[in-house]
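Notes follow once the structure below has been shown.
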Amino acid sequence: MNIESCGQGLQKPTFHQTSNIEAIKEDFYSKGIVFIEGCDEKDLAELAAKFGSIVKPRNESTSCSGISNIRFAPSLVGKGYSSQELHFHTDRSGWDNPPRVLASLLKSKSTEGGASILADSVGILKDIQEEEDDLYKLITNPKHSTFLNEEGVLVPRPIYDETTGLFRFRFDDSIHLSASLVALFPRLFKILYRNAFAVELQQGQGYLLDNHRFLHGRTAFTGSRELLRALVNFPPPQPTINLLFDIDGTLCRSEELSVDAFYTCLTDLIGKPITHANTTVGLHGRTDLGLLYDILDHHGVQPKSCIAKRFFQVHPSYMQKSLDKGLFAATCRGVTEILGWLTGKRETLTTPILRIGLMTGNSKTNALSKLKSAGINIAIFDLAVSSFGDVHNDRLSLIEDSMTKIRARDGRDLPKSKTIVIGDTPLDVECAKKAGCAVVAVASGNYGLDDLAALEPDSAVSYIGEAKDFLQSHFVPSITATGP
């Protein structure tokens, strides 16, 4: 394994302090990996414990915390305890259910080499499905791959389990492949490397990765190198109710604020007047990214991707300028009361677990800015299952993003769990239905109750307070509902 073979090259990721647990969980559940820095063994153990229970190390640990010390140690079994290259693998790949989280921290850097090599199975599977139909059939069939379990017995397991979403792999004597899969193995390896990237960690830096999704390895090294590692099992899944709130027209109204900041920012970036009056593009139910692209198309402005990148960098400062002008966001009727009631429910419910998230066309920064302006406590919302409009072109993608994060946290097989979208536009209703979610349509925005009710949402109300009985009906253990 070497950096030059990685199709995505050497990357310099964004690192988080271990105290920023909200951002860490948000990255982990959405991206499958999150990078940390300024960390020591105590920090790593505390962070790992926030995800679940730490697995007892197989060889040795530095303390009772369950943290393994991975270093060059010829007396210990495993390539991880050598200075040789370590091929792509899933930790504990032979287990029925490998630990979900692998948390690593570089304690001391080697003289040369030792770069982390990482590959996301999401990209790997996409490439396989698009290019290699026969290969996909082989890796999803347990007849073609067996893995050595803890008792030293080879057990048939698919490389990719379509039911659980678990991608498991290794390249050593602990995996046996059928002749059919061996014949296609060079193609698989080529796809693995195409989706791989390298990171050169410094002392005190590390990462948490989803061990069911990401493959990891490292290049060979010389000199002393020590890595601290924890493997973590998620707690048993419990039924959940996930509420995803739209913002504009649902939680607050901020039309003047939004329009002023959006068009003023675009005007300054492009260098010509871009106004609501000279732009016939529909605003309601849109994402910021999708809206931005349509406005740029309307005015014939290119290149869109470069302008969009710059727009989302500077737009928050224009939002603040508009707030300073006296423009503001105001809560919709009943919002303060319903959020207070839901917060109380979340604290008292034991099952199902209640999460309150956001599903908004606003960028993350502007979404939180609007909520603060309206006097809404943003700590109410679980950002790790929320989705925002600066990375998605359309409403359906927003909902699917949150659903992916929910599944990543809770697992796929949760028949007693439910996701409920709460929004004020026909697009909210339409997209929630397409994504398999329940939906509450609230006529506190620009659409009337009759218009929203005609779309047959699960509940249609004139203001959010009227949805209380519908929501309450889901906060009981005997609920029977479809999974997220």
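Numbers for the structure displayed
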{"quantity": "Diffusion constant of segment 4-70 at 37 °C, which comes from Stokes-Einstein with the Kirkwood Cα-pair radius and 0.692 mPa s, µm²/s", "calculated": "240"}
{"quantity": "Simple spin-label estimate for Ser462 and Val155 in nanometres, 7 Å along Cα-Cβ", "calculated": "5.9"}
{"quantity": "Degrees, to the nearest 10: 179-194 long Cα axis against longest axis of the chain", "calculated": "60"}
{"quantity": "Two-decimal Rg to Rh for segment 3-233 - Kirkwood Rh, Cα set", "calculated": "0.95"}
{"quantity": "For Thr164, solvent-accessible area (1.4 Å; no DNA, RNA or ligand), Å²", "calculated": "80"}
{"quantity": "Residue-level accessible surface for Thr350, protein heavy atoms, 1.4 Å, Å²", "calculated": "110"}
{"quantity": "Accessible surface, 1.4 Å probe, highest first, among residues Phe15, Phe169", "calculated": "Phe15, Phe169"}
{"quantity": "Extension gain from Glu430 to Lys42, taking 0.36 nm per residue of separation minus the Cα-Cα distance", "calculated": "134.9 nm"}
{"quantity": "Order of exposure, largest accessible area first, which applies to Thr419, Thr146, Thr163 with probe 1.4 Å", "calculated": "Thr163, Thr146, Thr419"}
{"quantity": "Stretch gain in nm, segment Asp268-Ile3, where the contour uses 0.36 nm per residue and the Cα spacing is subtracted", "calculated": "91.3 nm"}
{"quantity": "Cut-off 19 Å, label 7 Å out along Cα→Cβ of Gln472, residues of segment 312-352 by amide N", "calculated": "334-352"}
{"quantity": "Heavy-atom accessible area ranking, 1.4 Å probe, most first, across Lys107, Lys372", "calculated": "Lys372, Lys107"}
{"quantity": "Over segment 256-325: Kirkwood hydrodynamic radius from C-alpha pairwise inverse distances, Å", "calculated": "12.2"}
{"quantity": "Unit charges on C-beta of K, R, D, E only; dipole of the chain, Debye", "calculated": "900"}
{"quantity": "Residue range of the chain that is longest and free of GluC sites (Glu not before Pro) which are both DSSP loop and sparsely packed (at most 14 other C-beta within 10 Å)", "calculated": "163-484"}
{"quantity": "Charge-dipole axis of the chain as Lys and Arg at +1 and Asp and Glu at -1 on Cβ define it, positive-most pick from Tyr293, Tyr207, Val461", "calculated": "Tyr207"}
{"quantity": "Angle in degrees between helix 255-270 and the longest Cα principal axis of the chain, rounded to the nearest 10", "calculated": "60"}
{"quantity": "Positive-end residue of Thr360, Cys437, His392, charge dipole of segment 311-438 with Cβ unit charges", "calculated": "Cys437"}
{"quantity": "Cβ-derived FRET efficiency at R0 60 Å, Phe328 paired with Asp96, nearest 0.05", "calculated": "0.65"}
{"quantity": "Furthest towards positive pole of dipole, Ala220, Val155, Asn195, structure part the chain, Cβ charges", "calculated": "Ala220"}
{"quantity": "Once the Cα gyration tensor of segment 136-250 is diagonalised, semi-axes √(5λ) in Å", "calculated": "30, 25, 17"}
{"quantity": "Normalised alpha carbon radius of gyration of the chain [divisor 2.2 N^0.38 Å]", "calculated": "1.07"}
{"quantity": "Expected 222 nm ellipticity per residue - DSSP helices of 4 or more, -39500 (n - 2.57), all of the chain, to 500", "calculated": "-10000 deg cm²/dmol"}
{"quantity": "Residue list for segment 232-268, given a label point 7 angstrom along the Cα-to-Cβ vector of Arg310 and an amide N cut-off under 13 Å", "calculated": "265-268"}
{"quantity": "Nearest-ten-degree value, helix 395-410 long axis tilted from longest Cα axis of the chain", "calculated": "40"}
{"quantity": "Between segment 215-275 and segment 34-60, the alpha-carbon center distance in angstrom", "calculated": "23"}
{"quantity": "Contact order normalised by residue count of the chain, Cα under 8 Å, 6+ apart, percent", "calculated": "18"}
{"quantity": "Inter-part distance where segment 80-114 and segment 151-186 are each reduced to a Cα centre, Å", "calculated": "18"}
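The values are calculated or read from the model by the stated rules, or taken from the named source; none is laboratory data. Just so you know, these numbers come straight off a predicted model, no measurement behind them. Please note: Cβ atoms are built from the backbone with ideal geometry, for glycine as well, and neighbour counts cover all protein chains shown. All accessible areas refer to the heavy atoms of the entire protein, side chains included, with ligands and DNA or RNA removed. Shrake-Rupley method; radii C 1.70, N 1.55, O 1.52, S 1.80 Å.
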